[in-house]
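Below is one structure; the comments refer to it alone.
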Amino acid sequence: MVHGGSVMAPDAELALHYAREMFGRRGESVRLWVVRRADVKVLDDPDLLQPPLDRSFKKPGGYVMRDKLVVARARSGVAKRTATDR
Amino acid sequence: MTDPLALAPILPPGSGGARRFNEPTLTDDARQAAFEAHIAAGGKVEATDWMPDEYRASVLRFVEMHANSELMGVLPEREWILRAPTLRRKLALTAKVQDEAGHAQLLYRVAEDLGKPREAMYDDLLAGKTKFHNVFHYPTRSWGDVGVIAWLVDAAAIVAQQALRDCSYAPYARTMRKICWEESVHIMHGRDIVVTLVNGTPAQFAMVQEALLRWWGPLMQMHGPRTPREKDRDLHWRIKAKTSEELRQEFLGIYVPRIRELGLTLPDPELRYDEEARLWRYSEPDWDELRTVVTNHGPMSQVRLDFRRLQRAETAWVRATILGAPVAAA
């Protein structure tokens, strides 16, 4: 689900039809929702959403094993595999 | 508000509007036939769509078991948060436990929409009426277990979960995309732990080797016994895409070489790749052990369930406060 955009309409019924014209004309949408702007609760506090701390352990890129794998393979004597490894 | 399906006639065919089985004027047989055809053609089903009772029950059983496993699966690893060897490992393990608890919430939410209240799902789990995955019924004896679980248990799980991203039940398929991404982080975290131990002192190497020997049996049992493709109703409904044996073969194909290159030994003398048959050969997993364990007779089954029972009792006042508020005000 992604935010398609906004429309101006007097009621929900017409808002759906406008939304269909704006965001469903080329088969790009399977379903459309409309919500009154006043009913949307927003969280945009960067301290909560983009905290300034190192959280790399939560991402695949936070684990770089290339050098460790070289050491481990050398120790075990098993030939280096050709498949891609981090 | 207008049901978006009311707009169906003006949407192009195949865009989700033309689901004949949603037509209430059709007979049940005709709806069933239209539904079968929709699924067979690779169509998706949404929570608000009509669906046959058998399909609803099958998806519910599948998702509920998955949710139970995520909920119970945090317990073996949780025990090691306070004993993690470094601050970074402690943060990573805490994040993993949080992720898995979050997966349980996402999945119970998907299951709830299929008609079974969340409280009923907790009740059934704690009463032993529904199951959770075999691998979470075992103790975690060392830090080596934490690495082996995060790397290989999660890897065996992700092999199955990746195939679920194409599940015919769309809310589950969407949820699996997020879950698979997070599981891939867990695998990196686990492999990093294992590789670090392998490169460490002889005692550290022995620790991870010992853990691997203990976990190999449960890992080989995890996907379940071989079942004929044509008899599997979950495959028929396209809830899942692969048989248990296909999943096990895929797991072995990727991970046995990665385990062996580290100089680690696997306990199965029969384990080898048969070039001619293009299959992994292995000793028959202990299916009696699997049955014993998943019916809550595993070494830690009751301890883990007791912990959940205690935790549920201790947090009852929170639910009562939140859910009871409107009642009290009325």
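The values are calculated or read from the model by the stated rules, or taken from the named source; none is laboratory data. Since the structure is predicted, the reported quantities are computational estimates derived from the model, not experimental observations. We place every Cβ from the backbone using ideal geometry, glycine too, and count neighbours over all the protein chains shown.
If you go through region A:11-29, how many residues are within 8 Å of chain B (Cβ to nearest Cβ) and out of contact with any helix residue (DSSP H, G or I) (no Cβ under 9 Å at 6 or more places or on another chain)? Number satisfying all stated conditions: 3.
Among helices (runs of 4 or more DSSP H) entirely within region A:1-78, having at least 2 residues that are modelled with pLDDT of 90 or more singles out A:12-23, A:66-76. Looking across region B:119-135, the residues that are surrounded by 14 or more Cβ atoms within 10 Å (Cβ to Cβ) and either in contact with an Asp or Glu (Cβ under 6 Å, 6 or more places away or on another chain) or at positive phi (or both) come down to B:M121, B:T130.
When you scan region B:233-253, do you find a residue that is surrounded by 13 or more Cβ atoms within 10 Å (Cβ to Cβ), of a type in the set (F, W, Y) and over 30 Å from B:D53 (Cβ atoms), even just one? Yes, region B:233-253 contains at least one residue that is surrounded by 13 or more Cβ atoms within 10 Å (Cβ to Cβ), of a type in the set (F, W, Y) and over 30 Å from B:D53 (Cβ atoms).
Taking (1) buried (at least 22 other Cβ atoms within 10 Å of the Cβ); (2) closer than 22 Å to A:G61 by Cβ in turn, B:E70 satisfies each apart from (2).
Within region B:61-73, being within 16 Å of B:R165 (Cα to Cα) and either among the aliphatic types (A, V, I, L, M) or in contact with a strand residue (DSSP E or B) (Cβ under 6 Å, 6 or more places away or on another chain) (or both) holds for B:V63, B:A67. If you go through region B:130-176 and keep only what is at pLDDT 95 or above and in contact with a strand residue (DSSP E or B) (Cβ under 8 Å, 6 or more places away or on another chain), you end up with B:S168, B:Y169. Taking region B:42-99 as the range and being in contact with a Ser or Thr (Cβ under 7 Å, 6 or more places away or on another chain) and aliphatic (A, V, I, L, M) as the test, the residues that pass are B:V45, B:M65, B:I81.
Given the structure, is B:E112 among the acidic types (D, E), surrounded by fewer than 20 Cβ atoms within 10 Å (Cβ to Cβ), within 30 Å of B:D29 (Cβ to Cβ) and not assigned by TED's automatic domain parsing to the domain that holds B:G190? Considered against the rule, which asks whether it is among the acidic types (D, E), surrounded by fewer than 20 Cβ atoms within 10 Å (Cβ to Cβ), within 30 Å of B:D29 (Cβ to Cβ) and not assigned by TED's automatic domain parsing to the domain that holds B:G190, B:E112 comes out as no.
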